[in-house]
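Novice: Encoded as structure tokens, here's the structure I'll be asking about.
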Amino acid sequence: MKILKALSLTAVLFMFLTSFTASVGDSAHVGLWKGEDKGDMGYLELTSDGYATFEFQGEKMGGKSYYNDGVELAMTYEIDNKKTPAHIDFIMIDKSENSELGRLKGIIDMKSRDQLNLAIGFGGGSRPADFTVDALLFTRVK
């Protein structure tokens, strides 16, 4: 009887823990997105393994490896769907030291499966509270 109780408790605990854990790879945010800002077309790619890449005017920044001022960097992202609107952080990592250099803090809202709103506090600024300033609407490419 004790074994049955222990197995039941373990099963309930497992279901409880897995019900609140969301993987980036399973997220509706994953994909290649196209947006427009003041007439300029840009792209945002959010990968299932947690990397983010921005592309504007043919210049790419982010992903598993890119260079800025001779330093090899990576850019990852984290999304907190428990906040309203959801928070997104773009994290720059110095690959040679495996250390965080900084974060771009933003908010994200899935308007539909194929459209998302994104607002970022650029220049190390604080996270935007809403989408009234500097928000971009992205459409899924794939």
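Novice: So between Val71 and Ser96, what do we pick up on full extension, going 0.36 nm a residue minus the alpha carbon distance?
Specialist: Extending this stretch completely gives an extra 8.2 nm.
Novice: May I pose another question? Assuming R0 = 22 Å, what is the FRET efficiency of Gln57 and Leu32, from their Cβ-Cβ distance, to the nearest 0.05?
Specialist: Computed FRET efficiency for Gln57 and Leu32 comes out at 0.85.
Novice: Starting from the amide H of Asp134, placed 1.01 Å from N in the peptide plane, find each other amide H under 5 Å away whose residue is 5 or more places distant or on another chain.
Specialist: Under 5 Å from the amide H of Asp134: no residue qualifies.
Novice: Also, quick follow-up: For region 73-80, in order, what is each residue's ³J(HN,Hα) by Karplus, 6.51 cos²θ - 1.76 cosθ + 1.60 with θ = phi - 60°, in whole Hz (x at glycine and Pro)?
Specialist: After applying 6.51 cos²θ - 1.76 cosθ + 1.60, I find 10, 9, 10, 10, 9, 9, 10, 10 Hz.
Novice: Something else: Stretched out fully, how many nm does the piece from Asp130 to Lys64 gain, at 0.36 nm a residue minus the Cα gap?
Specialist: My answer for the length gained is 20.8 nm.
Novice: Within region 35-51, whose backbone N sits under 17 Å from a point 7 Å along Cα→Cβ of Asp89?
Specialist: 50-51
Novice: Explain nothing, just the number: dipole magnitude of region 24-140 about its Cα centre with +1 on each Lys and Arg Cβ and -1 on each Asp and Glu Cβ, in debye rounded to the nearest 20.
Specialist: 340 debye
Novice: Count the net charge of all other residues whose Cβ sits under 14 Å from the Cβ of Phe138, scoring Lys and Arg as +1 and Asp and Glu as -1.
Specialist: The answer is -3.
Novice: Return the long-range amide H neighbours of Ala86 (sequence gap of 5 or more, or a different chain), with a cut-off of under 5 Å between placed amide H atoms.
Specialist: Ile108
Novice: Let me ask something additional. For region 63-70, what does the Karplus curve 6.51 cos²θ - 1.76 cosθ + 1.60, with θ = phi - 60°, yield as ³J(HN,Hα) per residue in whole Hz, taken in order and with x for Gly and Pro?
Specialist: Result, ordered by residue: x, 5, 7, 8, 10, 9, 6, x Hz.
Novice: Check which residues have an amide H placed less than 5 Å from Leu101's amide H, if you skip close sequence neighbours.
Specialist: Met92, Ile93, Asp94
Every read-out reported here was derived from the displayed coordinates using simple, explicitly stated rules and does not represent laboratory data. Source: prediction; values computed, not measured. Methodologically, a virtual Cβ is constructed for each residue, glycine included, from the backbone with ideal geometry; neighbour enumeration extends over all protein chains shown.
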